[in-house]
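Enquirer: Please see the structure below; I have some questions.
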Amino acid sequence: MLKVPEHQVAGHIASDGKLGPLVDDQGRFFKPLQGDSRGEHEAKFYESFTSNKKVPDHIHRYFPVYHGTQLVEASDGSGKLPHLVLDDVVSGYSNPSVMDVKIGSRTWYPDVSEEYFKKCIKKDRQTTTVSLGFRVSGFKIFDHQESSFWRAEKKLVLGYNADGARLALRKFVSSNSPADSNLTPNCAFASEVYGGSNGILAQLLELKDWFEIQTLYHFNSCSILMIYENESILMKEGDDAPAARAQVKLVDFAHVLDGNGVIDHNFLGGLCSFIKFIKDILQSVDKRDETNTSLLENGR
Ligand SMILES: O=P(O)(O)O[C@@H]1[C@@H](OP(=O)(O)O)[C@H](OP(=O)(O)O)[C@H](O)[C@H](OP(=O)(O)O)[C@H]1OP(=O)(O)O
Ligand SMILES: Nc1ncnc2c1ncn2[C@@H]1O[C@H](COP(=O)(O)OP(=O)(O)O)[C@@H](O)[C@H]1O
């Protein structure tokens, strides 16, 4: 039995009879092949990428595993439609916080129609795509006060300026109430989620190393998904298991082009800018912790 994904944070959503992705209870994510040949294009990308021996093994883990296409009942009631069958990257999590960040300082690319170009550039200018090289597309976090999920409103997210994006990235790793806009995010989970040898920053840096040299694909309009587990994060003490299980995944390959021997400077530039935001948060948290420690040591 397929159902609407509980943890989807952006893109086309299968609610109110609309066409969107579905999930099963076996950890599979079914994304309907979009019209305008975008769906076939995405399927072709997955086929090429999956079998591409030039892509290093350690890079494959940043992409959802692809299981081909399958005809399944579409969410909009229009009957059976072909869907991409992917691993559901959040299926192993009980209470995942998830954020979708679209990378690049432009979402259009050479040879698109004038109409598509205009649509993209308008959105790129209205959001932080042009100014920062990335935009937050959507996120949901676990509200530890309410023991329920809190979802950022799409309209507000798409209206973020640089400060808004920075605040969202801090909020994403905070334990204080996300619903209260007067509270300064405490970044309680920053070190655990963004930092450490397996954290988000380490994964982004590994991806950056590859993007600095890869000339196989140009990842136009593609997103980074950040995921972490909340279930055990607050009761981690004394437990050696990595509580946060922070993960970076790349999704949405409807607009990927052949790299033709040229690095993907649009994605790489955006990724570097995004990394700087994450580093700054970690630095500010380290500084705060140092100050608190020295205050404690001085008995104040
Ligand atoms: O439909 P919209 O206006 O919400 O735009 C979609 C975008 O939503 P946004 O408003 O930027 O969050 C959406 O962005 P997200 O996936 O939400 O980041 C995509 O850009 C989508 O195009 P495609 O599936 O990548 O070809 C976009 O879909 P198309 O309009 O290009 O079909
Ligand atoms: N393999 C996956 N597993 C789990 N969730 C996914 C997966 N792929 C996408 N998603 C969710 O769906 C959202 C939209 O995906 P995306 O591929 O960008 O769709 P669209 O083409 O409609 O924009 C993402 O923000 C994420 O929340």
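Enquirer: How far apart, in nm, are the 7 Å Cα→Cβ label points at SER131 and LEU19?
Expert: 3.5 nm
Enquirer: Another question about this same structure. What are the ³J(HN,Hα) couplings of region 145-161, residue after residue, when phi is run through the Karplus curve with 6.51, -1.76, 1.60 and θ = phi - 60°? Round to Hz, x for glycine and proline.
Expert: Computed from phi, the couplings for region 145-161 are 6, 8, 6, 8, 7, 10, 10, 6, 6, 3, 4, 5, 4, 6, x, 4, 9 Hz.
Enquirer: Using only the alpha carbons of region 22-87, determine the length spanned along each of the three principal axes and report them from longest to shortest in whole angstroms.
Expert: Reported extents, whole Å, longest axis first: 40, 29, 13.
Enquirer: Next question, about the same structure. Only four residue types carry charge here, +1 at the Cβ of Lys and Arg and -1 at the Cβ of Asp and Glu. Report the dipole size of region 96-291 about the Cα centre in Debye, rounded to the nearest 20.
Expert: Using Cβ point charges on Lys, Arg, Asp and Glu, region 96-291 gives about 800 debye.
Enquirer: Pop a pseudo-label 7 angstrom from the Cα along the beta-carbon direction at both LYS154 and ASP289 and give the gap in nm to one decimal.
Expert: So the two model labels end up 3.8 nm from each other.
Enquirer: Is the shape of region 1-156 best called rounded, prolate or oblate, per the rule: a/c under 1.5 gives rounded, else a/b larger than b/c gives prolate, else oblate, with a ≥ b ≥ c the square roots of the Cα gyration tensor eigenvalues?
Expert: On the way: a/c = 1.30, a/b = 1.05, b/c = 1.24.
Cα axes put region 1-156 in the rounded bin.
Enquirer: Express the C-alpha Rg of the chain as a ratio against the empirical globular expectation 2.2 N^0.38 Å, rounded to two decimals.
Expert: Against the compact-globule rule of thumb, the ratio is 1.02.
Enquirer: Taking the chain as the reference, fit the longest principal axis to its C-alpha atoms, fit the long axis of helix 162-171 to the helix C-alpha atoms, and give the angle between the two in degrees, 0 to 90, nearest 10.
Expert: For helix 162-171, the angle is close to 70 degrees.
Enquirer: Lys and Arg at +1, Asp and Glu at -1: add these up for the other residues within a Cβ distance under 14 Å of HIS83 and post the number. Before the final figure, lay out each step's value.
Expert: Details: positive: LYS3, ARG28, LYS31, ARG38, LYS80; negative: ASP24, GLU40, GLU42, GLU73, ASP76, ASP87, ASP88.
Overall, the nearby charge balance is -2.
Enquirer: Ignoring ligands, DNA and RNA, what accessible area per residue does the chain give at 1.4 Å, in Å²? Walk me through the intermediate numbers first.
Expert: Details: 15270 Å² over 300 residues.
Accessible surface, normalised per residue, equals 51 Å².
Enquirer: Straight distance only, please: which lysines reach the Cα of LYS119 with their own Cα at less than 16 Å, same-chain residues fewer than 8 apart left out?
Expert: Those lysines meeting the cut-off are LYS102.
Enquirer: Once both axes come from the Cα atoms, what is the angle between helix 38-51 and the longest principal axis of the chain, in degrees from 0 to 90, rounded to 10?
Expert: Roughly 70 degrees, rounded to the nearest 10.
Enquirer: List the lysines whose Cα sits under 26 Å from the Cα of LYS80, skipping any in the same chain fewer than 8 residues away.
Expert: List returned: LYS3, LYS18, LYS31, LYS44.
Enquirer: Relative to a virtual label point 7 Å from the Cα of ASP76 in the Cα→beta-carbon direction, which members of region 21-35 show backbone nitrogen distances below 13 Å?
Expert: So the set is 21, 32-35.
Enquirer: Local charge sum around GLN26 (other residues, Cβ-Cβ under 13 Å, Lys/Arg +1, Asp/Glu -1)?
Expert: Cβ neighbours under 13 Å give a net charge of -2.
Enquirer: Sequence gap at least 6, Cα distance under 8 Å: using those rules, report the relative contact order of region 96-291 to the nearest whole percent.
Expert: Normalised by residue count, the contact order of region 96-291 is 26 percent.
Enquirer: Kindly rank 187-196, 143-152, 120-129, 171-180 from highest to lowest mean number of other beta carbons found within 10 Å of each residue. Kindly include the intermediate steps, with their values, before the conclusion.
Expert: Details: 187-196: 21.7, 143-152: 14.6, 120-129: 17.4, 171-180: 19.2.
Highest-to-lowest ranking by the protection proxy: 187-196, 171-180, 120-129, 143-152.
Enquirer: Output the 0 to 90 degree angle, nearest 10, between the alpha-carbon long axis of helix 200-211 and the longest principal axis computed from the alpha carbons of the chain.
Expert: On a 0 to 90 degree scale, this one is about 40.
Enquirer: Further question on the same structure: Within region 1-27, what residues put their amide N at less than 19 Å from the label point 7 Å along the Cα-to-Cβ vector of LYS119?
Expert: 10-15, 18-21
The values are calculated or read from the model by the stated rules, or taken from the named source; none is laboratory data. Everything numeric here is computed off the predicted structure, so don't read it as measured data. Positions of Cβ are generated from backbone atoms using ideal geometry, with glycine treated the same way; all protein chains shown enter the neighbour counts. These accessible areas exclude ligands, DNA and RNA; they are computed on the full protein's heavy atoms, side chains included. Shrake-Rupley method; radii C 1.70, N 1.55, O 1.52, S 1.80 Å.
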